[in-house]
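Notes to accompany the following structure.
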Amino acid sequence: MNPPLAAGPDHLVIRRIEAIPYVIPLARPIAWARGMMTDVDNVLVRVTLSDGTQGIADAPSRPTILGDTQKSIVAIIDDHFTPRLIGIDAFDLDAIWNILGSFGGNQVAKAAIDMAVHDAQAKSLGISCARLLGAIHRPLPVSWRLRMASETDMLRDADEMMGKYGFRALKVKGSHEYRNDIAFLRKLRRLCGDTVSISIDFNQSLTAHMLLQALPALEEIDIALIEEPLAARDAAGKSLCAGRTSIPISGDDSCFSPDDVLHELKLGAIRAVVLKVARNGYRQARDIVALCRGFHLPLHSGSQGDMHITACAAAQFACSYPSEHEHEFSTFLDACDHICDRDLVISEGCLTLPDGPGIGLIVDEAKLAIYRIDR
């Protein structure tokens, strides 16, 4: 454990770290090719500095994707990260990441610590996280991910959400039944017209041969992005397919870390990147942005089933880089409630960030008391 250091106006140290598991039901399940979630079962991470400033982040439990559970997130933070981080200067990110990096795995726990520290930094300075990153707030175009259901229900979902929130971009969850997906995409295009961007996420459910068969139809439908169609490590297959289509193949499950992104880029396997701060934090996310700039690739912010806190943190970060594609900050609309002091607003297809320092949100203690499961 690090010895406590004297706190001053220019020297703020980490005094306390809390990892609080909570559960909030979803209005409707969120499904994808390899799994489903019916509840928000996340871990609130709260970092308190020596002057009392608190920064917050949300660590999502996604065992089928990243391997983390609520219990494992709480355990690594309480038993290993916290004893080593207490007393560390909150602005010494190298020291913080040297500690986090000395442990393998545990990506979302590391990312949550990183983002909570950044939130605390910004709040201590009285500025937004966007300004901390050298950016300013701006309206951010967002997409809506259609809920996996019958074709009739998905078309109704698209129509309702475009009408209610003004979405001009839609994301479809595909499967190995790609011919059925193509038939649905044709119907969706007829409903939306030519001005709405449509992307499809196959979640690693295709082979290279299947994707090559599907590409002509996907191009005809004017699909904007094909996300992670093949096995994450099938870089050769993705490279083959990328050379046969004008549609960018974007990396998600193959791009968990900056090293993963570099590997995919060097092999020519992807032509776009889905960035998720829930698994990278701001520190690693900045490395990924730099890689994409170096390789002249577009990137946009995806969602790890992000709710209010992570959606807001990701949006603050998204203000710091340009994006050709709409961000995925809308998943929080699926939740029945949240643990924050205010709602987020999507209007005319854009997310407007809340005013205030840090990510612009604080925890509603009364709501947290209802949903936390550690008492």
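Please treat every number below as a calculation from the coordinates, not as lab data. Bear in mind that the values here come from a model prediction, so they are computed numbers and not experimental data. All Cβ positions, even for glycine, are placed from backbone atoms using ideal geometry, and neighbour counts span all protein chains on display.
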Top positive-direction residue, dipole computed over the chain with Cβ charges, set LEU333, PHE81, ALA19
LEU333
Charge-dipole axis of the stretch 132-352 as Lys and Arg at +1 and Asp and Glu at -1 on Cβ define it, positive-most pick from GLN304, SER199, ASN180:
SER199
Shape box of the stretch 132-352 [Cα atoms, principal axes, largest first, Å]
49, 41, 26
When Rg and Dmax of the Cα atoms in Å is calculated directly from the model, which label among (1) 27.8, 99; (2) 22.1, 68; (3) 20.4, 65 fits?
(3)
Taking the Cα atoms only, what angle lies between the long axis of helix 208-220 and the longest principal axis of the chain, rounded to 10 degrees?
80 degrees
Mind listing the phi-derived Karplus ³J(HN,Hα) values for the stretch 173-190, rounded to whole Hz, using 6.51, -1.76 and 1.60 with θ = phi - 60°, and x for any glycine or proline?
8, x, 8, 5, 7, 5, 5, 5, 4, 5, 4, 5, 4, 4, 5, 5, 5, 5
Taking the Cα centre of the stretch 32-81 as origin and charging only Cβ (+1 Lys, Arg; -1 Asp, Glu), how large is the dipole, in debye to the nearest 20?
200 debye
Taking Cα atoms, how many degrees apart are the long axis of helix 151-165 and the longest axis of the chain, rounded to 10 and kept between 0 and 90?
50 degrees
Rounded to the nearest 20 debye, dipole of the stretch 132-352 from Cβ charges on Lys, Arg, Asp, Glu:
400 debye
Would you mind checking the tilt of helix 277-294 against the longest principal axis of the Cα atoms of the chain, expressed as 0 to 90 degrees and rounded to 10?
60 degrees
Can you spot the lysines whose alpha carbon is less than 25 Å from LYS164's alpha carbon? Ignore those fewer than 8 places along the same chain.
LYS173, LYS187
Run the reach check for LYS71 against lysines, Cα to Cα strictly under 16 Å, same-chain hits fewer than 8 apart removed. What comes back?
LYS110
Full extension from ASP78 to LYS367: what is 0.36 nm times the residue separation minus their Cα-Cα distance, to one decimal in nm?
101.8 nm
Please list 3J(HN,Hα) in residue order for the stretch 358-375, calculated via the Karplus relation 6.51 cos²θ - 1.76 cosθ + 1.60 where θ = phi - 60°; whole Hz, with x for glycine and proline.
x, 7, x, 10, 10, 7, 8, 5, 5, 5, 4, 4, 6, 9, 5, 10, 9, 10
Debye, to nearest 20: dipole size of the chain, +1 on Lys, Arg Cβ, -1 on Asp, Glu Cβ
340 debye
